[in-house]
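The values are calculated or read from the model by the stated rules, or taken from the named source; none is laboratory data. Only a predicted model underlies this, so the values are computations on that prediction, with no experimental measurement involved. Positions of Cβ are generated from backbone atoms using ideal geometry, with glycine treated the same way; all protein chains shown enter the neighbour counts.
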Amino acid sequence: MFRVNPGFLFSHKKALLYFTGIVSFLIFCFPGLSSGRIYIDINAPSIPKFKIAIPDFKRIGGDSGHPELGNELLKVMSNDLELSGYFSPIEKGAFLEEKDAPLTGDKINFKDWSVIGAELLLKVGYSCMGSRLQVELRLYDVFWGKQILGKRALGDIAGYRHLIHKLSDEIILKLTNYNGISLTKLAYVGDGTGQKEIYTCDYDGYNIQAVTSDKSIAMLPRWSPDGKRLAYNSYKQGGAELYLKDMVSGVTKRLSRRSGLNIGAGWSPGGEELALTLSDQGNSDIYVISLEGQILKRLTDHWSIDVSPSYSPDGKKLAFVSNRSGSPQVYILTIEDGKVERLTFEGKYNTSPCWSSLNRIAYTSMNENGSFDICTIDPNGGAVRVLTGDGWNDEDPRWSPDGRYIAFSSNRTGSYHIYIMNLSGQNQSRITFQKGNQTSPSWAPG
Amino acid sequence: MEEMLRVEGAWFLDGENFSRQFFFIGVRLWNGRKKIMRNRAAMGVIVLAFVFSSMFWFASCAKKQVDTLETKPKTETGEGSVDKGSAAGKQSSSETITELSEAERRAKQQEMEIANKMAVFESENVYFEFDKSDLTPEAQAILKKKAAFLQQNPNLALLIEGNCDQRGTIEYNLALGERRANAAQRFLMALGISEDRLKTISYGKERLADPANNPVAWSLNRRDSFKLLR
């Protein structure tokens, strides 16, 4: 779509193709027609990466404070673009353009960029004024030599990462017509202090903040759909009890302290209810509770282990794990009539389902070698895909709010860290780099 | 015949000597039985004599042992009475002090013995197969011992901690660990330990006994561990 093959116009094989070629040629020739063009079809089964050139960010006026800021801004933005999975940045060593080249379109020599293979060119200038930062961004289509996007952003220097993330999302939105993930957040469990505590960070692993300091076992963090609350488990008062932290006010309350387990909260799509596993009746079953902790409904009543509920996007069904067939497998429960159907049949150990807003279910599956892979499946059992298969343990898949990325934990470096990848398993990127292990990610909108 | 004479001489000394000598006579006669073998009646007498004499001997030995055991406290009270004698004139309360400290010592000793037994009790885990919560015969044997100890110590309660190996997801393992703890709890209840003395908690895969990632570590981690509560 973006790349036009000149040979295409000279094809005589089919009149229809010829006609299509002319139409697309016309669309490219007239800017008015091409202004709403989607460069990246992110709903396609496989998405080719755009080669993007990002020259050094240029200081344009303002004061001379923060000499290293330009490099920092560049790092944040090119990392955003790389993590999106839609771009492959071109090595700077290949650049032909001089350092003080102009930022604006009519003076740019686009041939210098097309000859090194760049399809997109991103030019950014910035200026500091006291504690304030202004960033100007222009994105060019190298082939046509024209500006696709121009944005000016103003914010605090201290919050430069957030400002750049915002601009990165503008780029993604322009090229794909969908919002990116640059402003999203992750929660996870880290054991760097010797105890398992819950932390949050930006989706790129920066801006780490401790949520708990229980000095006990804190685990299973689960963001509410609006990202304003965090449900999690902690043993700080003895058992596996459920807590709810308001991330805006910082107030934590204990939500469920029934004897036995109160674990694995799954938020309803609207964020008014939580499905979770309780075992105070002697066996682990799935219930729905209100945000005040009252039991609203019992969903399973079976002698087997029933855990890990995850709501469908319409809130009418739940994926959960049960060993009612003898080994842990993923099942789908229809809330209205309580009907339960088995979803996974491959393998002896399929757990931790997570249902995406795009109606795919990710889960962890033990393979023949005894290590764990991330898989995805349609809610009707079709289109099973194994996304990881590196011989290490890849576990705890959790979807991004837009359903296009998966965060997971992997011990592929020897200890567990958080990684993200796109929904087809491509572009697996390590996000956390703290000491110890980081596990159990949960993803919140920006 | 010299031997027999000596026995005659020893006859009236005391019961123990008598029976001991008779025992040896029995041994000697038994050794020389070939000569007397033809006479069945004589044989019967020998055997009877042998049996009776040995019974006498063992009885007297046992009596002697009991005697020595009994004399020990006597000497202790004797020491106590020396104390008593020297202090009695000045202060009568010193006697009670001596007795208290002795009781304390004994209590301490007893406490240490119980503490040792508790440590042994707590060090013995019950192990499980992968993704299983049923009790193996070995696990049942260990739990029977634990039930006996709990019956002997009715003031103690028990916390059963269910654990899993590190494979699999946190939530499933928490539920599995709970099942393992419950299995031990139910078994102990069936052996007569009341439910209110048996608490359970699951740590899933959060408290590994061995953090290594290999089959040996896995089997060590799939366990119920036990904590006694006073």
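Here is a yes/no grid of residues against (1) more than 16 Å from A:S440 (Cα to Cα); (2) hydroxyl-bearing (S, T, Y):
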| position | (1), (2) |
| --- | --- |
| A:R229 | yes, no |
| A:G238 | yes, no |
| A:L244 | yes, no |
| A:G260 | yes, no |
| A:I263 | no, no |
| A:G270 | yes, no |
| A:T277 | yes, yes |
| A:N283 | yes, no |
| A:I289 | yes, no |
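When the criteria are applied in full, A:G446 fails the requirement of being under 14 Å from the mean Cα position of the chain (by Cα), buried (at least 18 other Cβ atoms within 10 Å of the Cβ) and in a loop (DSSP other than H, G, I, E, B). Within the range A:343-363, residues that are more than 13 Å from chain B (Cβ to nearest Cβ) have Cβ atoms under 8 Å from residues that are among the basic types (K, R) and surrounded by 21 or more Cβ atoms within 10 Å (Cβ to Cβ) in these pairs: A:L358/A:R404, counting only partners at least 6 apart in sequence or on another chain. Determine whether the range B:214-228 contains at least one residue that is loosely packed, with under 15 Cβ neighbours inside 10 Å, within 14 Å of chain A (Cβ to nearest Cβ) and of a type outside the set (S, T, N, Q). Yes, because at least one residue in the range B:214-228 is loosely packed, with under 15 Cβ neighbours inside 10 Å, within 14 Å of chain A (Cβ to nearest Cβ) and of a type outside the set (S, T, N, Q). Once the range A:275-288 is narrowed to residues that are within 14 Å of chain B (Cβ to nearest Cβ) and hydrophobic (A, V, I, L, M, F, W, C), the residue that is nearest to A:N262 (Cα to Cα) is A:L278.
In the range A:239-252, the residue that is surrounded by the most Cβ atoms within 10 Å (Cβ to Cβ) out of those that are out of contact with any Lys or Arg (no Cβ under 9 Å at 6 or more places or on another chain) and either within 12 Å of chain B (Cβ to nearest Cβ) or among the polar types (S, T, N, Q) (or both) is A:A240. What number of residues within the range B:161-187 satisfy the criterion of being within 11 Å of chain A (Cβ to nearest Cβ), touching a residue at least 40 places away in the same chain (Cβ under 8 Å) and basic (K, R)? Qualifying residue count, the range B:161-187: 2. Is it fair to say A:L133 is in contact with a Gly (Cβ under 7 Å, 6 or more places away or on another chain), of a type in the set (A, V, I, L, M), in a loop (DSSP other than H, G, I, E, B) and over 25 Å from A:G93 (Cβ atoms)? Taking the combined requirement at face value, the residue does not satisfy it. Of A:G130, A:G190, A:G205, all but one fail to be on the phi > 0 side of the Ramachandran plot and touching an Asp or Glu at 6+ places or on another chain (Cβ under 9 Å); the exception is A:G130. Scanning the range A:217-238 for residues that are part of a strand (DSSP E or B) and more than 12 Å from chain B (Cβ to nearest Cβ), we see that the one that is surrounded by the most Cβ atoms within 10 Å (Cβ to Cβ) is A:W223. Residues in the range A:172-187 that are surrounded by fewer than 20 Cβ atoms within 10 Å (Cβ to Cβ), in a loop (DSSP other than H, G, I, E, B) and either out of contact with any Asp or Glu (no Cβ under 8 Å at 6 or more places or on another chain) or among the hydroxyl-bearing types (S, T, Y) (or both): A:N177, A:Y178.
In the set A:T376, A:T388, only one residue is more than 24 Å from A:L255 (Cα to Cα) and surrounded by 23 or more Cβ atoms within 10 Å (Cβ to Cβ); that residue is A:T388.
Would you please name the residue that is nearest to the other protein chains (Cβ to nearest Cβ), looking only at residues in the range A:305-338 that are polar (S, T, N, Q) and in contact (Cβ under 8 Å) with a residue 24 or more places away in the chain? Looking at residues that are polar (S, T, N, Q) and in contact (Cβ under 8 Å) with a residue 24 or more places away in the chain, I get A:S308. Restricting attention to the range A:410-446, the residues that are free of Cβ contacts under 8 Å to residues at least 40 places away in the same chain and within 14 Å of chain B (Cβ to nearest Cβ) add up to 7. Would it be correct to say that A:W267 is more than 10 Å from chain B (Cβ to nearest Cβ) and surrounded by fewer than 16 Cβ atoms within 10 Å (Cβ to Cβ)? Criteria not met by A:W267.
Quick check on the range A:429-436. Is at least one of its residues among the β-branched types (V, I, T), at pLDDT 95 or above and in a strand (DSSP E or B)? The answer is no; no qualifying residue exists.
If you take the residues in the range A:367-409 that are among the basic types (K, R) and out of contact with any Phe, Trp or Tyr (no Cβ under 7 Å at 6 or more places or on another chain), which one is farthest from the other protein chains (Cβ to nearest Cβ)? So, considering only residues that are among the basic types (K, R) and out of contact with any Phe, Trp or Tyr (no Cβ under 7 Å at 6 or more places or on another chain), the one farthest from the other protein chains (Cβ to nearest Cβ) is A:R404.
Of the residues that make up the range A:393-408, is at least one modelled with pLDDT under 95, closer than 19 Å to B:N214 by Cβ, out of contact with any helix residue (DSSP H, G or I) (no Cβ under 8 Å at 6 or more places or on another chain) and of a type in the set (D, E)? No, because not a single residue in the range A:393-408 is modelled with pLDDT under 95, closer than 19 Å to B:N214 by Cβ, out of contact with any helix residue (DSSP H, G or I) (no Cβ under 8 Å at 6 or more places or on another chain) and of a type in the set (D, E). Flag: A:S279 matches the condition of being crowded, with 23+ Cβ neighbours inside 10 Å, free of Cβ contacts under 8 Å to residues at least 24 places away in the same chain and within 20 Å of B:L174 (Cα to Cα). Among the residues of the range A:289-304, those that are of a type outside the set (D, E) and more than 14 Å from chain B (Cβ to nearest Cβ) comprise A:I289, A:S290, A:L291, A:G293, A:Q294, A:I295, A:L296, A:K297, A:R298, A:L299. Can we say A:R229 is free of Cβ contacts under 8 Å to residues at least 24 places away in the same chain and in contact with an Asp or Glu (Cβ under 6 Å, 6 or more places away or on another chain)? So A:R229 fails the test.
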